[in-house]
Amino acid sequence: MSLLDTLDKIGGSNTPAFTLKIDGVDITGKVSEKLLGLTLTDNRGFEADQLEIELDDSDSSLMLPPRGVSIAVAIGWKDTGTIDKGLFVVDEIGHSGAPDKLTITARSADFRQTLNVQRDNSYHKKTLGDIVKTVATRNKLTPVINKNMADIAIPHIDQTNESDGSFITRLAKENGAVAAVKNGKLLFFKQGQNQTINGKQIPEMLINRQSGDSHQFTLTDRGAYTGVVANWLNTRAAKSEPVKVKRRRKKKPMVEEEKQGEYLVGSDENVLVLRHTYATKYNAQRAAKANWERIQRGVATFSIQLARGRAELYPEAPVTVKGFKREIDEAKWTLVTVTHSLNGSGFTTSLDLEVKIDELEME
């Protein structure tokens, strides 16, 4: 009896469903008879999304698929239908036993090819959009970048003995963005903004504690940085001038509420000073803001294991949680990693979230 036949005995709304296509050919029927487990990990950053499929080969009837073939996958529930989760490229095949088992691993981008080639390039007086388009075209990907980010001027940047994957990741980090490869597209977008690549607001998702099997909240540092200072060189005055980014304060908090409101902040005196001196005030502001947002996202993390899988969840979506500690419920969360698992326990989803960045003010 196959895995889905076993789960189907539960019946109704608790029956998981999936579809798989290899190079456009539907193989769901054949695979369902052999399926032991399916795990799909959806990441926000440049780390490729991953699909892992485990198949029963105890009768030695399965053939090893060639690397490089594409797999389209959709998951969901029998009564509500499946949701398309994208296209993956097979890049790893494993066989183990006994009992014999075939494991197929596919990723959202084929990192065996041009993205890993070391290159030497210089980009002078370009915009972010120009650079992203150049890298995408070189790797036969479609560039997708928000217009607000595409118009950002880059006076000069060098790519020295560096792969396109490493370079575009560094470029994203320096500008407070995320680069990702999904479905043949090179995405470059502002992280932690809860917006689509086209700048539209993503609908907020609600997760109740009753929906989860387990959770874990981590506050990394009560004394976390609460400000960032970046220096830029004023050539007219021949001296460095600081640009500061700090937390925007709430108006007139009560004494008791102030302590709770600052729970994820730390002390006002703990400021990070960037070592690099920037050529312009604009570059200093951009670097200070990008580093401040990175610090903000690392203050607190939250993970939840959902008992019932939710295929509609994806990274960068805003999330509100209820039923936990008040500080957790009142925080604004953003999905970072979503892992869907289909196995003998049914269809479950695990979530990794980070605290949403607050508004900033410049000095």
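The values are calculated or read from the model by the stated rules, or taken from the named source; none is laboratory data. Here the structure is a predicted model, which means the values were calculated and not measured. Cβ placement follows ideal geometry from the backbone for every residue including glycine, while neighbour counts extend to all protein chains displayed. Surface accessibility is based on the protein's heavy atoms, side chains included, excluding ligands, DNA and RNA. Shrake-Rupley method; radii C 1.70, N 1.55, O 1.52, S 1.80 Å.
Of note:
- Single residue of the range 112-150 satisfying the filter (under 23 Å from the mean Cα position of the chain (by Cα) and in a strand (DSSP E or B)) that is farthest from Gln285 (Cα to Cα): Thr142
- Whichever residue in the range 122-150 is of a type in the set (Lys, Arg) and surrounded by 12 or more Cβ atoms within 10 Å (Cβ to Cβ) and, among such residues, is nearest to Lys200 (Cα to Cα): Lys133
- With respect to (1) outside any strand (DSSP E or B); (2) modelled with pLDDT of 90 or more, the lone exception for Thr103 is condition (1).
- Only one of the numbered conditions (1) open to solvent by 30 Å² or more (accessible area, probe 1.4 Å); (2) under 20 Å from the mean Cα position of the chain (by Cα); (3) under 24 Å from Lys281 (Cβ atoms) is violated by Ala153, and that is (2).
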